[in-house]
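The values are calculated or read from the model by the stated rules, or taken from the named source; none is laboratory data. Keep in mind the model is a prediction, meaning the values are calculated, not measured. Using ideal geometry, Cβ is built from the backbone for each residue, glycine included, and neighbour counts are taken over all protein chains shown.
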Amino acid sequence: MKIKNISELLITDAMGKPLGMIVPDDLAMIHKYSPVILLDEIKQSKRPEEIIEKNRIFTTIITIFINAGAKPQYINQLITDNTDMVVSRFIEFAIQQLGPPPTKFSFINFGSVGRHEQTLNSDQDNAIIYEDVEESKNKSVQEYFLIFGEKLCNWLDKAGYTYCPGDYMAQNPKWCQPLSEWKKYFSNWICYSDEADLLQTKIFFDFRSAYGDQCLISELREHLKAVIEKTPRFFQMLSRNILKLSPPLGFFGNFVVESIGDQEKAFDIKSAMMPIVDYARIYALKHKIDIPNTLERLKRLLDVGVIDFQKYQELKQAYSYLMQIRLRHQSDCVSQRIAKINNYISPKKLTYIEQKILKEIFTQIKYFQTTLSYDFTGRLDGAQ
């Protein structure tokens, strides 16, 4: 209601019959536990240090919603909305300190943040695209945006968004480039990458602007579509990359686990979810769907007839259930004061029913991979 500037919210039953009305006064008692209030406080912050201080309580607030059973896509959206607000305010502070940008730019997020699928342990995956300028101005323009990116990434790290281990961040000169250079990046990834290269770069295809000029993003998307259309090889390479990632289920139906440090044997649920994310991405790229979010991509694929309703429901429910398990595990990490929130699930800590559901989901994922393999490689052997 706060974000959309809605003063009254009508509540109906499943048939659309009005049941009542919610107004802001009804919510006064829970305001102090609301992420919306935190968003407003971040928006009103006068200094970066205020945001860094206020954002420390956000994880605790989100765990309350997770433990209360809120739908995982709502949790993902709340976390992403908060990140977007933090980023926007930090950018405004950076501009105040450095002066106006020398040209149009866009600060982009990719990966899980770009897909609106952020969880409690997402690190930074960001970059800067700026408008091409005269050659004589190139050096000074990039210097501005590199200082800008360094400030921003540093503040984000202090606010709880850790540095990307692979250095995919706006403070890295490689990812702070003019539009023409970004077009070259995507052209090279599409035309010349092998399977190993795409393992590192495919997350760049889930990008969106968090702040700045949307025209730069639109132009980059149109370039991306044009190059893909002329390069059928790209889908074959991307599909082979995807098919290398198998769900953690062995030949005899047992979970495939590994020892993770001092923990019990476990599997990485983030990796287990990636085949569904990859499935939605490759079909979205094939059919020129610009949406980065996995569930929204699947819905659009249903709408345009690429997948049928049954497959849509299976993929949606599988993804949502895996995300729910992942978020609940991360909430437990917070409750147990584990220093680093992780994605490692020990099957022994799951109920028998949860194990059965997960095994069924992983079996279905293998089936979806078989379909993908046939569509893009002409083979029926699924995960490789």
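Would you mention how many residues in region 107-155 are surrounded by 22 or more Cβ atoms within 10 Å (Cβ to Cβ) and aromatic (Phe, Trp, Tyr)?
Qualifying residue count for the region: 4.
Got at least one residue in region 7-30 being hydroxyl-bearing (Ser, Thr, Tyr), at pLDDT 90 or above and surrounded by 10 or more Cβ atoms within 10 Å (Cβ to Cβ)?
Yes.
Taking the condition of being basic (Lys, Arg) and either crowded, with 16+ Cβ neighbours inside 10 Å or closer than 20 Å to ILE242 by Cα (or both), how many residues in region 178-194 meet it?
Counting residues in region 178-194 that are basic (Lys, Arg) and either crowded, with 16+ Cβ neighbours inside 10 Å or closer than 20 Å to ILE242 by Cα (or both) gives 1.
Among the residues of region 213-227, write down those that are farther than 12 Å from ASP290 by Cβ and buried (at least 20 other Cβ atoms within 10 Å of the Cβ).
Across region 213-227, the qualifying residue is only LEU216.
Which pairs turn up if I take residues in region 334-361 that are buried (at least 16 other Cβ atoms within 10 Å of the Cβ) and look for partners that are of a type in the set (Lys, Arg) with beta carbon separation below 6 Å, at least 6 apart in sequence or on another chain?
Close Cβ pairs satisfying both conditions: ASN343/LYS270.
Between TYR374, TYR283, TYR367, which is part of a helix (DSSP H, G or I) and under 30 Å from LEU220 (Cβ atoms)?
One residue alone meets the criteria, TYR283.
When you go through LEU298, LEU302 one by one, which is the residue that is part of a helix (DSSP H, G or I) and in contact (Cβ under 8 Å) with a residue 12 or more places away in the chain?
On inspection, the qualifying residue turns out to be LEU298.
Mind checking whether some residue in region 374-383 is modelled with pLDDT of 95 or more, surrounded by 17 or more Cβ atoms within 10 Å (Cβ to Cβ), among the aromatic types (Phe, Trp, Tyr) and under 30 Å from PHE235 (Cα atoms)?
No: zero hits.
Which members of region 156-205 meet the condition of being polar (S, T, N, Q), farther than 27 Å from PRO101 by Cβ and outside any helix (DSSP H, G or I)?
Scanning region 156-205 gives a single hit, SER193.
Within region 76-92, how many residues turn out to be over 30 Å from LEU322 (Cα atoms) and buried (at least 19 other Cβ atoms within 10 Å of the Cβ)?
Total meeting the criteria: 3.
Could you give every pair whose Cβ atoms fall below 8 Å, whose first residue belongs to region 305-323 and is more than 13 Å from GLU117 (Cβ to Cβ), and whose second residue is small (Gly, Ala, Ser) and assigned to a helix (DSSP H, G or I), counting only separations of at least 6 or pairs across chains?
Note: pairs meeting the criteria are LEU315/ALA280.
Residues being surrounded by fewer than 21 Cβ atoms within 10 Å (Cβ to Cβ), in contact (Cβ under 8 Å) with a residue 40 or more places away in the chain and either of a type in the set (A, V, I, L, M, F, W, C) or closer than 19 Å to ILE217 by Cα (or both): count how many of those fall in region 162-177.
Qualifying residue count for the region: 2.
Of the residues ILE289, ILE217, ILE228, which single one is within 17 Å of ASP375 (Cβ to Cβ), aliphatic (A, V, I, L, M) and assigned to a helix (DSSP H, G or I)?
None of the other options fit; the residue is ILE228.
Taking region 194-209 as the search range and keeping residues that are under 17 Å from ARG281 (Cα atoms) and over 17 Å from the mean Cα position of the chain (by Cα), which one is modelled with the lowest pLDDT? Before the answer, list the steps.
Just the residues of region 194-209 that are under 17 Å from ARG281 (Cα atoms), to begin with: 195, 197-208.
Now restrict to residues that are over 17 Å from the mean Cα position of the chain (by Cα): 195, 197-198.
Details: GLU195: 80, ASP197: 83, LEU198: 86.
Looking at the filtered set, the residue picked out is GLU195.
Against the condition in a helix (DSSP H, G or I), in contact with a helix residue (DSSP H, G or I) (Cβ under 7 Å, 6 or more places away or on another chain) and modelled with pLDDT under 95, how does LEU315 come out, does it pass?
Criteria not met by LEU315.
Looking at this structure, is GLU360 within 22 Å of the chain's Cα centre (by Cα), among the charged types (D, E, K, R) and in a helix (DSSP H, G or I)? So that I can check it myself, show each step before the final result.
On the way: within 22 Å of the chain's Cα centre (by Cα): no; among the charged types (D, E, K, R): yes; in a helix (DSSP H, G or I): yes.
Answer is no for this residue.
Condition first: over 24 Å from the mean Cα position of the chain (by Cα) and without any contact (Cβ under 8 Å) to a residue 12 or more places away in the chain. Can you find one or more residues in region 261-279 that meet it?
The answer is yes, given that some residue of region 261-279 is over 24 Å from the mean Cα position of the chain (by Cα) and without any contact (Cβ under 8 Å) to a residue 12 or more places away in the chain.
Looking at region 241-280, which of its residues are assigned to a helix (DSSP H, G or I) and within 18 Å of LEU327 (Cβ to Cβ)?
Within region 241-280, ILE269, LYS270, SER271, ALA272, MET273, MET274, ILE276, VAL277 qualify.
So, in region 120-153, exactly how many residues are touching a residue at least 12 places away in the same chain (Cβ under 8 Å) and farther than 21 Å from ILE341 by Cβ?
The qualifying residues number 21.
So for region 286-302 (the condition being among the charged types (D, E, K, R) and surrounded by 22 or more Cβ atoms within 10 Å (Cβ to Cβ)), does at least one residue qualify?
Yes; the residues of region 286-302 include at least one that is among the charged types (D, E, K, R) and surrounded by 22 or more Cβ atoms within 10 Å (Cβ to Cβ).
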